[in-house]
Structures are given as C-alpha cells and as structure tokens.
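**Q** Here you go, one structure.
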Amino acid sequence: MSTQPTFLPAVATIDLTALAYNLLQLRRILSPGCDVMGVVKANAYGHGAIETAQTLIRHGVVRLAVFSIDEAISLRQAGVTVSIVILGPVFHQQFPDLFMHRLTPAVSDPSTLIALGQHAAQGSSPYPIHLKIETGMGRLGLTQNELETILAKHTFPSSLRLEGLMSHLADSDGSDPDPTDQQICRFERAIKSVREAGFSVPLIHLSNSAGIVRFPSAHYSLVRPGIMLYGYHTLPPTVQAPDLRPVLSLTTRIAQLRLIQPGETVSYNRTFMAKQPTRVAVLPIGYSDGLNRQLSNRGHVLVRERRAPIVGRVCMDMVMIDVTTIPGVTVGDEVMLIGQQASERITADNLAEWAGTISYEILCAISPQIPRLYHSA
Ligand SMILES: *Cc1c(COP(=O)(O)O)cnc(C)c1O
C-alpha cells in the first residue's frame, strides 16, 4: 500500500483559478466563431497534464493537443474523452495505439498519409486526421508541392476524413511581423488548394499564443495557445499582452543553516567564496528537479519576503542561498523559487533571464518528481 508523504520539502503549486482566468483572457480576444485547442504537451508545460486538461475541459475546452501518443494515452487513461491532436510525428508502429485511443494525428508527410489510410481501411467509418502544412517553420509539414500532388493524384485515402488543416508559426513573437504575414499567405494558398479540390475542412488552425494576440487574421476556426494559458508570453515589449496570471509557484524549505567564515567556499568547484561571515541556507532542490544549473551564482529566491541570492553551483539535488541579511531565518522556512511573497515576486521570466533561456523551458523543466498541489477557488 502506498501512502502520500505528509511533508513536501519541495512542491509546485498550481493555481487552477489562474489557469481558467488566462483561458478567459484569451477567449476575449478571439475572432467570432474561433475556439481554443488547449496545448498540454510537456506535462502541460510542467503544470501537470491531467489536472490541466480536466480544468480546461471543465471550462468548455473540447479539443486538446499534445506532442506524443504516450502523452495522449495518459490523458485517455485518466478519463479524458475530448478530441486530442498529436502534434508530433507518428511512427507506423504506433498506429494501433493511435486508433485504439481515438487520437487525431497531424499528418506531415505523404508516406504516413498513405500508410494511415491503409490502416484505417479496416475501420467502418473514415478516420479523422489533420494535415500539417509547412509554411516557414522548417520542421514538420507537407510542402505546397506535396499537398498539390496529393490533391491532383487523388491519393488522399478514402478511409480518412480531412477534419483539420494546420500549420505552425515560427516567429509570431518576433519583432518583425513580415515573416508571419508570409506564413499566413502560404497557409491561405494551402487552404485554397484543398477547397478547390473539393474538401470542406471544418477545422483550420495556425496560431500559437503570440499569434493569437498579434495576428487576428490567423485565428481561423481554432487557435492553439500554450504558454499564455500558463500565464506567460514572449511578446515583444511594443505589443500589448493580455492580462495573464502565472499559474505555477515553486516552493521549497530551508533544510539546514550554517555560518561560514571569510575565505570559506560553497559547493562544487568553489565558485563562491565568503568575503565576510556569511549565513548559508541549504535547500533540497537541484538541477535534477529542473532548477537550471545556469542559476549558479546568478539566481535569487524569496525568503521571509526578501530576496536571497543563490551562492555557488546548483547541485543535482540541492542548492545554497545567502541569507546573511535576512533576520530570523530558521530551518523549515518556506523558500519561493517561483512565486510571490508579499510585494516581492519571482517569475519564470526572471529565472529564464538569469539562465539565458525562455519561460517555456523553465516551466517544462520542473521535474515530474516534484509533487504538484492543485488549488482552485
Ligand atoms: C507548442 C505548440 C503550440 C503552443 O505554443 P505557445 O507558444 O506555447 O502558445 C501551438 N502549436 C504547436 C504546433 C506547438 O507545437
């Protein structure tokens, strides 16, 4: 029999009310008739895919997207019955799983289309798929030529139903809108070709979070927000972002305190040396939990509503902070790595800046071994 631990030395708290709030903020700016496909890949950007999916569904979202079949199967096993699009590539060996769990592939190449068609021929009704078009991301998707060849040769399998047509924006958060406008143009061409070939495609989708805000002409029938659902964005400063609330906070507790003397060092490779008597707190969280090692001697945390710097290298399972200037610190005190204490706040954007990355990576790096606690008002 397994029992839940009663004390959690490190925990990610997920504010489901904030998630619902962000969804609402996005819905407010959607063009009429446009709906949300919630992107819950990478464990819902570290927020926990199942609870995130369930919350989105409770708030009226009827379509989800993940990267892999594995991610989708976990959702199905948790009782998620809504449509799930697989954004990533699907191998032939995965077709039985795909069909058994009623997952919708985003098909990106002609050979997969044909093979899927053969597999679907065993079924009684046409199996829904989305076609992914390459418009500038340089990753997955049929080129316009490949698309036109399929349409001209009538090789779209009759065992499949073209439910959706999609592409992905490469630079919707970039400073120059031109590359995105070009992508929209190329996507329009693909839509036109498909319609002229006699297909009526119910679902057309292109935009990620930044695209939703900046390119209303790219809303079509669905949009695919990820990062903004979780309360973050990477829009350029010139663009007005929706009012978003960070959904995740990451906390731990002080495990040990020690006073070190001038000349003494902290952590691997002795990169921090005390210049005066220094009070060092040990935290039971490290890079194996997703705390980026680039935060070594760079990041800050909150203790007793004050900022404390990370000192020395981030270790695999621990990290040290300097609490010399913060009065009254004791073992067991809460430490905020992402989140708010009184008027002080540290966001995933702050960590991203310190670590030389983006909020996306900070969030989805938070290891599944950190327990998630879910709150809703
Ligand atoms: C991850 C992803 C999204 C969501 O992107 P955000 O920038 O997080 O909104 C949308 N579409 C595809 C194909 C993706 O891979």
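**Q** Just to be sure I understand: of the beta bridges DSSP finds with both ends in the chain, what percent are antiparallel, rounded to 5?
**A** Antiparallel: roughly 55 percent of the beta bridges in the chain.
**Q** Tell me, in nm to one decimal, what length is gained between Ser74 and Asn297 on full extension, where the rule is 0.36 nm per residue of separation less the Cα-Cα distance?
**A** Here the answer is 76.5 nm.
**Q** Ignoring ligands, DNA and RNA, what accessible area per residue does the chain give at 1.4 Å, in Å²?
**A** Accessible surface, normalised per residue, equals 46 Å².
**Q** Dimensions of segment 248-375 along principal axes (Cα, Å, largest first)?
**A** Computed over the Cα atoms, the extents are 40, 30, 24 Å.
**Q** Using a probe of 1.4 angstrom, how much of the accessible area of segment 45-198 is carbon and sulfur, in percent?
**A** Heavy-atom surface of segment 45-198 belonging to carbon and sulfur, 1.4 Å probe: 52 percent.
**Q** Summarise the long-distance tail of P(r) for segment 1-108 by giving the % of C-alpha pairs beyond 18 Å.
**A** Value for segment 1-108: 54 percent of Cα pairs lie more than 18 Å apart.
**Q** Then there's this: According to the Kirkwood expression over distinct Cα-Cα pairs, how big is the hydrodynamic radius of segment 234-313, in Å?
**A** 15.0
**Q** Determine, for each peptide in 222-229, 95-102, the mean count of other beta carbons within 10 angstrom over its residues, then list the peptides with the highest first.
**A** Ranking, from highest mean packing down: 222-229, 95-102.
**Q** Using DSSP to call loops (not H, G, I, E or B), can you name the trypsin sites (Lys or Arg not before Pro) in segment 133-171 whose Cβ has at most 16 other Cβ atoms within 10 angstrom?
**A** Arg139, Lys153
**Q** Please compute the net charge surrounding Thr112, taking Lys and Arg as +1 and Asp and Glu as -1 over other residues with Cβ under 13 Å from its Cβ.
**A** -1
**Q** With the full set of protein chains in place, find how many percent of the accessible area of segment 248-375 is carbon and sulfur; take the probe as 1.4 Å.
**A** Percent of accessible area from carbon and sulfur atoms in segment 248-375: 48.
**Q** Next up: Work out, in µm²/s and without decimals, the Stokes-Einstein translational diffusion coefficient of the chain at 10 °C, 1.306 mPa s, Rh from Kirkwood over C-alpha pairs.
**A** Approximately 70 µm²/s, per Stokes-Einstein.
**Q** To continue, here is another question. Provide the gained length on full extension for the span Ser31 to Asp109, in nm with one decimal, where the gain is 0.36 nm per separating residue minus the Cα-Cα distance.
**A** Computed gain between Ser31 and Asp109 is 25.0 nm.
**Q** Hey, how many Å between the Cα centroid of segment 235-270 and the Cα centroid of segment 18-93?
**A** 29
**Q** Right, next: Rounded to two decimals, what is the ratio between the C-alpha radius of gyration of segment 31-230 and 2.2 N^0.38 Å?
**A** Dividing the Cα Rg of segment 31-230 by 2.2 N^0.38 Å gives 0.98.
**Q** Take each of the peptides 127-136, 83-92, average the number of other beta-carbon atoms within 10 Å over its residues, and list them starting from the highest.
**A** Per-residue mean Cβ counts within 10 Å order the peptides as 127-136, 83-92.
**Q** When we measure straight from the Cα of Lys153, which lysines land under 25 angstrom away, once same-chain ones fewer than 8 places off are left out?
**A** Of all the lysines, those that pass the test against Lys153 - Cα under 25 Å, at least 8 places apart if same chain - are Lys132, Lys192.
**Q** For segment 248-375, calculate the relative contact order in percent as a whole number, restricting contacts to Cα pairs under 8 Å that are 6 or more residues apart.
**A** Over segment 248-375, the number comes to 28 percent.
**Q** Here is a follow-up. Quick one: Debye curve from the alpha-carbon atoms of segment 168-299 only, equal weights, vacuum; give me log10 I(q)/I(0) at q = 0.11, 0.13, 0.15, 0.22 Å⁻¹ to two decimals.
**A** -0.65, -0.75, -0.84, -1.27
The values are calculated or read from the model by the stated rules, or taken from the named source; none is laboratory data. As the structure is a prediction and not an experimental result, all values here were calculated from the model. For neighbour counting, all protein chains shown are included, and Cβ atoms are generated from backbone atoms with ideal geometry for every residue, glycine included. To get the accessible areas, we keep the full protein, side chains included, count just its heavy atoms, and leave off ligands, DNA and RNA. Shrake-Rupley method; radii C 1.70, N 1.55, O 1.52, S 1.80 Å.
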